[in-house]
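Visitor: The structure that follows is given in the form of structure tokens.
The values are calculated or read from the model by the stated rules, or taken from the named source; none is laboratory data. If you're wondering where the values come from, they're calculated on a predicted model, not measured in any experiment. Ideal geometry is used to build each Cβ from the backbone, glycine not excepted, and the neighbour counts take in all protein chains shown. Each accessible area value is taken on the protein alone, full model and side chains, heavy atoms only, with ligands, DNA and RNA left out. Shrake-Rupley method; radii C 1.70, N 1.55, O 1.52, S 1.80 Å.
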Amino acid sequence: MPLNPRRPGSLVALLLMTVAVGPWASGCRRAVRPDLGQDRTVEAGVPVDLGSQREDATAVTWDFGDGSDAQTAPWVSHAFSRAGAYTVRALHEGEEVGRVQLTVVPRPVLRAVPSSARTVMWLPELRGHVDPLMDFYARLVGPENARRAVESSPLLPLLFADLENGTGSVVDPDEGFGFFLLPEFDGVVTLLGITEPEAALNAVAGELERAGHGVMPQPDGSVTVEPASGGPPMLLFEDRGYLYLAVPEGLEEPDESEPQQAQVLAIPDAEVARQAVRSLTGPGISEDVLLTELRGKVANGSVYLFSGQHPGVAPDEDDAHPIRGFAASLAVKPEQLDLDGFLSSSTPLFQGALAPASALLKDAELGPIAAAQISVPPEELARLAFGAPGSERRERMVASWRREGLDVEALLKALRGDVVLRAYFDIPAFFRNFIRNKRPDIKGSIVVEAGLTASEPVRALVQKQLEDSVLRYTTQQEANGTLFRTRIREQPVELRIMPERASLQAGELLQGRPRGDVGAELRERFGGEAFSSGHVSVMVDLGRLRADLRAAEKVPGVPSMLLGATKALSGALLDRITPLDSGFLDFSPVEGGGRLKGRLSLRAAQEASR
């Protein structure tokens, strides 16, 4: 009986027939719905899986939306080389059967570094950071030296050549560059974010070949590089949007002073580094707990450094200063480079002992062009000078001095824990010698002072050393101590031993210089708490030297008509030697470890163009 669609029974029968015959009936099309997943964010260079690997899955044509060739298969794995928003479409017999929106973001460089890395230095991204760094470096060391430094690193020529043409066709400017060390690999691994793996591999292989190395492409796409100077082969390879160069250094000898179970023996086989990279899953070192903690303790910058304990090696329980790790950043400006670092320690540095209150810089000749200070607890100074208590170095020194009749323990107890060095430039003597000898002979003085709690052990040591030397010297007793005078290389040297300090001055005499609080002067010049109690600080101030040279108006023994020309010539000579204006470095204990601050400043561009 024919079906009547107006009757309910006929409608039910028709529905059942459609379901039963459905897509399997002749001439009907099977519904194809490939698995594309939800719209999501993925990383550049990291393959994305699309479709199904089931045996009965239907092949579809994949249009990735990034300009790459379409592929026909039930399942594909595709990596997007550049950041952006892409619509991936699945086509079956010309009709769209599915689509997904993928937002591709740059892959952070730390996610491309294995979590086992113990040290890593990196630029988070190239855009906006590489040019200022290289401009500063080229000004500091000179364009030719900077060029040679770039050429000596195989990945840097590719980086700069690609960024200079502005296309970013091979190197990804939104991704990073860096170096890292692995505990199992004796060498260094360099990595660089790229967009075109094959072009990047070929470019770097060409640079290595032009440098005289043996280049051997491998079937897996990597390149083995035999160093021109011999040694273990290097390995160049790509992995998930980053180009890596593993450079072995040589077999590491076991350290017999460490417990055998604490040693991690590294080998110079570059394949070890590649396996560590290839087996990397998840976030790499980017979410390392210690790195995250220390990164939050340093300022933002263009370049970062992290070094921490390898997780497989426990700290020595007997170590008085178990260092957990170190992090630092470098921030670059047109004429200034700032360093901010933090050293993490699980116990207070110096066992929490306080540095001495020092007066060595409070009343001294003003205007040094270089200065250094150590202000630490006395035992730490003794450890630095003579070795740790019970160490072979200290025992050897104690035994040697005891044979000479010297009481080393009394000498160690006489140290207060503070030492300073100051260097001065003698402007008048420099100009006089410049005119007389027709060459720029450096003239000046160096002063080294150490705080004392007792003077006699130090006086006895100095007396003994002078008696055993070939130097001719004189001794003079003064109201507040003993003065020793001698000459070394035709330069006068004076050493005073007083109740609270020992002071050595070598070079031109400093009479006539104004005196004052040099520490306050340096803190005003460089900021912070540098050159105060509890700080280890060092600085060089060529900006002051330039200003002093320009300011000289009358110099005894130098005709006025010659002074102007001599000033101009000496200033030009100093500028030719270095563009450095000043630099300082300061370290001080703080809660949880120690703080490191530093700065390099170049002379102003308008000053350099004079």
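Visitor: For the chain, give the percent of accessible area contributed by carbon and sulfur heavy atoms, probe 1.4 Å, rounded to a whole number. Walk me through the intermediate numbers first.
Guide: On the way: 17740 of 32440 Å².
It is 55 percent, rounded to a whole number.
Visitor: How large is the convex hull of the C-alpha atoms of the range 268-395 per residue, in Å³? Can you show the working numbers first?
Guide: On the way: hull volume 29.6 nm³, N = 128.
Dividing the Cα hull volume of the range 268-395 by its residues yields 231 Å³.
Visitor: Quick one: plug the Kirkwood hydrodynamic radius of the chain (C-alpha pairs) into Stokes-Einstein at 37 °C, 0.692 mPa s, and report D in µm²/s.
Guide: Details: Rh = 30.4 Å.
In µm²/s, the coefficient is 108.
Visitor: Going highest first, how would you order 213-226, 105-118 by mean Cβ packing within 10 Å?
Guide: Listed from highest to lowest mean packing, they are 105-118, 213-226.
Visitor: Can you tell me how much longer the chain between Thr281 and Ala73 gets when fully stretched, taken as 0.36 nm per residue apart minus their C-alpha distance, in nm with one decimal? Each step should come with its number before you reach the end.
Guide: Details: separation 208, 0.36 × 208 = 74.88 nm, distance 2.61 nm.
Fully extending the segment from Thr281 to Ala73 adds 72.3 nm.
Visitor: Can you compute the helix-only [θ] at 222 nm over the chain? Use -39500 (n - 2.57) per DSSP H run of at least 4 residues, normalise by all residues, nearest 500 deg cm²/dmol. Please list the in-between numbers first.
Guide: Working: 16 runs with 166 residues, N = 610.
Value at 222 nm, helices only, nearest 500: -8000 deg cm²/dmol.
Visitor: Right, here's the next one. Would you tally the net charge around Pro227, using a Cβ to Cβ cut-off of less than 13 Å, leaving Pro227 out, and scoring K and R as +1, D and E as -1? Before the final figure, lay out each step's value.
Guide: On the way: positive: none; negative: Glu209, Glu226, Glu249.
Taking every Cβ under 13 Å from that of Pro227, the sum is -3.
Visitor: On average, how much accessible surface per residue is there in the range 102-206, in Å², for a 1.4 Å probe, leaving out ligands, DNA and RNA?
Guide: Numbers: 4060 Å² over 105 residues.
With the other protein chains kept in place, the range 102-206 gives 39 Å² per residue.
Visitor: I'd like to know which of Thr58, Met561, Ala90 lies farthest towards the positive end of the charge dipole of the chain, counting +1 on Cβ of Lys and Arg and -1 on Cβ of Asp and Glu.
Guide: Of the candidates, Met561 comes out farthest on the positive side.
Visitor: Follow-up question, since we're still on this one. How do the peptides 418-427, 514-523, 270-279 rank, highest first, by the average count of neighbouring beta carbon atoms within 10 Å per residue?
Guide: Values: 418-427: 21.2, 514-523: 16.7, 270-279: 18.7.
Peptide ranking by packing, descending: 418-427, 270-279, 514-523.
Visitor: For the cross-link pairs Lys362/Lys597; Lys443/Lys554; Lys438/Lys567; Lys297/Lys597; Lys362/Lys413, which exceed 20 Å when the distance is taken from alpha carbon to alpha carbon? Provide the component values of the computation, followed by the final result.
Guide: Values: Lys362/Lys597 22 Å; Lys443/Lys554 18 Å; Lys438/Lys567 13 Å; Lys297/Lys597 12 Å; Lys362/Lys413 24 Å.
Violating the 20 Å Cα-Cα cut-off are Lys362/Lys597; Lys362/Lys413.
Visitor: What number, in percent, do you get for the relative contact order of the chain if the mean sequence gap of Cα pairs under 8 Å and at least 6 apart is divided by its residue count?
Guide: Values: 1188 pairs, mean separation 62.6, N = 610.
RCO, the chain: 10 percent.
Visitor: If one computes P(r) from the Cα atoms of the range 506-610, what percent of pairs lie at distances over 25 Å?
Guide: Working: 2162 of 5460 pairs.
Roughly 40 percent, rounded to a whole number.
Visitor: When the chain is fully extended, how far beyond the present Cα-Cα distance does Ala85 get from Glu494, taking 0.36 nm per residue of separation?
Guide: On the way: separation 409, 0.36 × 409 = 147.24 nm, distance 7.40 nm.
Gain on extension, Ala85 to Glu494, equals 139.8 nm.
Visitor: Can you give the FRET efficiency to the nearest 0.05 for Thr475 and Glu395, using r as the Cβ-Cβ distance and R₀ = 30 Å? Intermediate values should be presented prior to the final figure.
Guide: Working: r = 32 Å, r/R0 = 1.06.
The value I calculate is 0.40.
Visitor: So how far, in whole Å, is the C-alpha centre of the range 131-165 from the one of the range 338-374?
Guide: 35 Å
Visitor: Still on this structure, please answer the following. As a test question: what accessible area, to the nearest 10 Å², does Asp468 have when a 1.4 Å probe is rolled over all protein chains in place?
Guide: Approximately 100 Å² of Asp468 is accessible to the 1.4 Å probe.
Visitor: Charges only on Cβ, +1 for Lys and Arg, -1 for Asp and Glu: so what's the dipole of the chain about the Cα centre, in debye to the nearest 20?
Guide: 2200 debye
Visitor: Towards the positive end of the charge dipole of the chain, with charges on Cβ (+1 Lys, Arg; -1 Asp, Glu), say which of Ala502, Thr72, Ser445 has the farthest Cα.
Guide: So the residue furthest toward the plus end is Ser445.
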